[in-house]
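The values are calculated or read from the model by the stated rules, or taken from the named source; none is laboratory data. Keep in mind that what you see is a predicted model, and the values were worked out from it rather than measured. Every residue, glycine among them, receives a Cβ derived from its backbone with ideal geometry; neighbour counts consider all protein chains shown. Protein only, heavy atoms only, side chains kept; ligands, DNA and RNA dropped before computing areas. Shrake-Rupley method; radii C 1.70, N 1.55, O 1.52, S 1.80 Å.
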Amino acid sequence: MDLGINGRKGIVCAASRGLGRGCAEALAVAGVDLVICARGREALEATAADLRAAGVAVTAVAADITTEAGRAAVLAAAGPQVDILVTNAGGPPPGLWSDWDREDFIKALDANMLTPIALIQAVLPGMMARGWGRVVNITSVSVKAPVGVLGLSNSARAGLTGFVAGTARQVAGKGVTINNLLPGIHATDRAVALDQGVVKAKGISYEAAQAERMATIPAGRYGTPEEFGAACAFLCSQHAGFIVGQNILLDGGATNLSM
Ligand code: NAP
């Protein structure tokens with residue numbers, strides 16, 4: 001399917017690895033010129049070089065997107081025309097409700113709620129003026145089914161979800177859509193880190209921890225960054241203009257919901 005976005009300009013945050021990279025790859029194949037960021041320069045530059053093989057322009061900005069300076073650097077590299085924004089950042093660490101103090105919450109809110117909101121606020125005026133825009137936020141399955149050990153993530157994602165619910169409906173009339181993609185377990189470094197958390201908490205082997213988590217997924221496996229990226233690219237496509245303010249689960253059926 002031609003996604004109808006060849007020649008568009010996009011930003012994909014936190015894109016040197018994992019789900020962000022999957023989104024950047026799918027958008028590059030669809031012909032979108034990209035600005036991508038991550039903190040580690042080496043992996044980021046390698047990803048940018050891979051993406052350029054699709055024939056698009058890719059600017060790599062080594063920056064922490066959760067800082068004001070990082071966001072400014074990414075937005076400056078993108079310039080005035082941003083047609084597509086994919087927000088993403090590393091997820092907060094797991095733990096118990098009693099582990100976290102105010103600073104931990106502020107850090108999680110900054111990374112997974114206030115950063116995407118700031119980026120959305122920065123690009124919306126231009127998108128609305130041009131009459132076309134697509135924003136996809138990478139959030140989490142925890143929005144629909146909070147994960148016990150991910151209290152920081154549950155809190156921050158819920159805040160972003162609330163902001164998007166109202167904002168998406170305020171800007172849809174200007175040709176701009178905002179939606180959230182909710183990953184369940186995907187085979188990325190993040191999933192490995194969470195599996196290792198289970199190893200530590202339960203004193204079982206890594207293989208046993210992985211098998212335990214896979215057994216919770218009706219599809220019987222972890223999702224891939226490629227599948228995730230394809231869904232993201234469709235939401236960013238010309239064909240997705242009527243999908244507004246949705247929270248779309250990609251979890252292999254793990255969350256047992258009918259709506
Ligand atoms: P990942 O494999 O660990 O990759 C994270 C990517 O983000 C890397 O490119 C990393 O590069 C970059 N990054 C992290 N923090 C950053 C920051 N502050 N500024 C700029 N770049 C940053 O993670 P993932 O699995 O793709 O997860 C992406 C998001 O989805 C996370 O928020 C995660 O919580 C959420 N999620 C993932 C899963 C899953 O199963 N994978 C499930 C639910 C939710 P640098 O480290 O070099 O900055």
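General observations
- Residue 187-residue 77 pseudo-label distance in nm [points 7 Å out on the Cα-to-Cβ vector]: 2.8 nm
- Positive-pole candidate from 178, 16, 199, dipole of the chain, charges at beta carbon: 178
- Charge dipole (Cα centre; +1 on Lys/Arg Cβ, -1 on Asp/Glu Cβ; no other charges) of segment 161-259 amounts to roughly 320 debye.
- Annotation: average projected area of segment 109-259 is 9.3 square nanometres, based on the convex hull of Cα atoms across all directions.
- Shape call, segment 94-138: gyration tensor on alpha carbons, a/c limit 1.5: prolate
- Checking Cβ-Cβ separations below 4.7 Å across the chain identifies 13, 37, 236 as cysteines lacking any candidate disulfide partner.
- The simple spin-label model puts a point 7 Å past each Cα toward its Cβ; for residue 259 and residue 102 those points are separated by 3.9 nm.
- Once the Cα-Cα distance is subtracted from the 0.36 nm per residue extended length, the residue 130 to residue 52 segment shows a gain of 25.4 nm.
- Point-charge dipole on Cβ atoms (K/R +1, D/E -1) for the chain, about Cα centre, debye to 20: 500 debye
- Axis angle, to the nearest 10 degrees, between helix 68-78 and the longest C-alpha principal axis of the chain: 40 degrees.
- Between segment 59-84 and segment 140-178, the Cα center-to-center distance that results, in Å: 22 Å
- The Rg/Rh ratio for segment 10-50, using Cα coordinates for both the radius of gyration and the Kirkwood hydrodynamic radius, is 0.91.
- Candidate cross-link partners of residue 144 among the lysines, defined by an alpha-carbon separation under 19 Å and a same-chain spacing of 8 or more, are absent.
- Restricting the calculation to Cα atoms, segment 72-198 yields a radius of gyration followed by a Dmax of 15.7, 48 Å.
- With protein chains left intact and a 1.4 Å probe, residues in the chain average 46 Å² of accessible area per residue.
- Within segment 8-105, all pairs of alpha-carbon atoms sorted by distance into 5 Å bins from zero give the percentages 3, 14, 25, 22, 15, 8, 6, 5, 3, 0.
- When every Cα-Cα distance of segment 209-259 is counted in 5 angstrom steps from zero, the calculated P(r) takes the values 4, 16, 22, 20, 18, 11, 5, 2, 0 percent.
- Considering only Cα atoms, the convex hull volume of segment 170-259 works out to 119 Å³ per residue.
- Kirkwood hydrodynamic radius (C-alpha pairs) into Stokes-Einstein, the chain, 20 °C and 1.002 mPa s, D in µm²/s: 116 µm²/s
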